[in-house]
Amino acid sequence: MNLTRDRVHSIGWMTVLLICGALSIALMLRVNAVKSQVAGTERRIAYLQRDIDFLQTEFQTRSNQQQLKTLNEVEFGYEAPRAEQYIEGERQLAALGKAAAPGAPAPIRYASADKAAEGGENAGDSGVLAMVSPVTGIGAAVARTVSDAGSTPDDKVEAKALARDARGLGKRLARIQLASDVQ
């Protein structure tokens with residue numbers, strides 16, 4: 001292979017360009033590494049500056065408790081709780097309430113198992129209140145005794161079928177069915 005002078009110059013320039021390209025890539029990587037270190041250091045400086053500001057505020061606040069006490073007395077009127085401010089139970093808390101204003105809605109009432117435990121009229125052996133039909137207002141135990149007194153075998157079969165369907169309804173309602181499954 002015969003190398004001419006121009007060919008050697010071309011190969012030399014290509015070599016120089018490759019070396020310069022490799023050095024510029026290495027330099028670029030080094031610059032990016034230093035930039036990320038500088039950014040991390042700046043973040044730490046900002047974090048430490050916030051800590052310093054917080055600690056200076058805390059120090060100034062704690063160093064001048066008398067001024068805070070005066071400010072509290074003048075501006076806010078806060079004072080430490082006294083023993084007579086604590087209540088002993090629900091009855092004392094309820095005594096603090098106001099009477100209902102005219103036209104106010106009736107208070108919300110919750111069911112309680114206390115009546116069953118005390119032996120109320122709907123109390124069973126289990127200590128749970130008997131269920132009352134919202135339509136008739138008759139308790140389930142009373143309705144059962146009334147229906148058993150004048151029921152026919154067909155009524156009992158129908159009642160069993162309704163109870164079975166009610167159990168199935170509870171299972172169906174408890175299951176989540178996606179819209180894609182329905183179609």
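Phi angles of segment 73-90 translate, via the Karplus equation with coefficients 6.51, -1.76, 1.60 and θ = phi - 60°, into HN-Hα couplings of 5, 7, 8, 9, x, 6, 8, 5, x, 9, 4, 6, 7, 7, 9, 8, x, 5 Hz per residue; Gly and Pro are given as x. Placing dummy labels 7 Å off each Cα toward the beta-carbon, the span from Ala174 to Val31 is 6.8 nm.
So with the 1.4 Å probe, I'd like the accessible area per residue for segment 55-111, rounded to whole Å².
On the way: 5990 Å² over 57 residues.
Roughly 105 Å² per residue, with all protein chains present.
The phi torsions of segment 31-47, fed into the Karplus equation with coefficients 6.51, -1.76 and 1.60 and a -60° offset, translate into couplings of 5, 5, 5, 5, 4, 5, 5, 5, 4, x, 5, 5, 4, 5, 5, 4, 4 Hz, rounded to whole numbers, with Gly and Pro shown as x. Each residue was assigned an accessible area with a 1.4 Å probe, and for Val74 the value is about 110 Å². With each label modelled as a point 7 angstrom along the Cα→C-beta vector, the Arg167-Lys69 pair spans 7.3 nm.
Calculate the dipole size of segment 1-104 relative to its Cα centre from +1 charges on Lys and Arg beta carbons and -1 charges on Asp and Glu beta carbons; express the result in debye to the nearest 20.
900 debye
Derived scalar couplings between HN and Hα for segment 161-169 equal 5, 5, 5, 5, 5, 5, 5, x, 5 Hz in order, rounded to whole Hz, by the Karplus curve 6.51 cos²θ - 1.76 cosθ + 1.60 (θ = phi - 60°), x for Gly and Pro.
The values are calculated or read from the model by the stated rules, or taken from the named source; none is laboratory data. This structure is a prediction, so every number in the text was calculated from the model and none was measured. Don't worry about glycine lacking a Cβ; one is built from the backbone with ideal geometry, like all the others, and counts go over all protein chains shown. These accessible areas exclude ligands, DNA and RNA; they are computed on the full protein's heavy atoms, side chains included. Shrake-Rupley method; radii C 1.70, N 1.55, O 1.52, S 1.80 Å.
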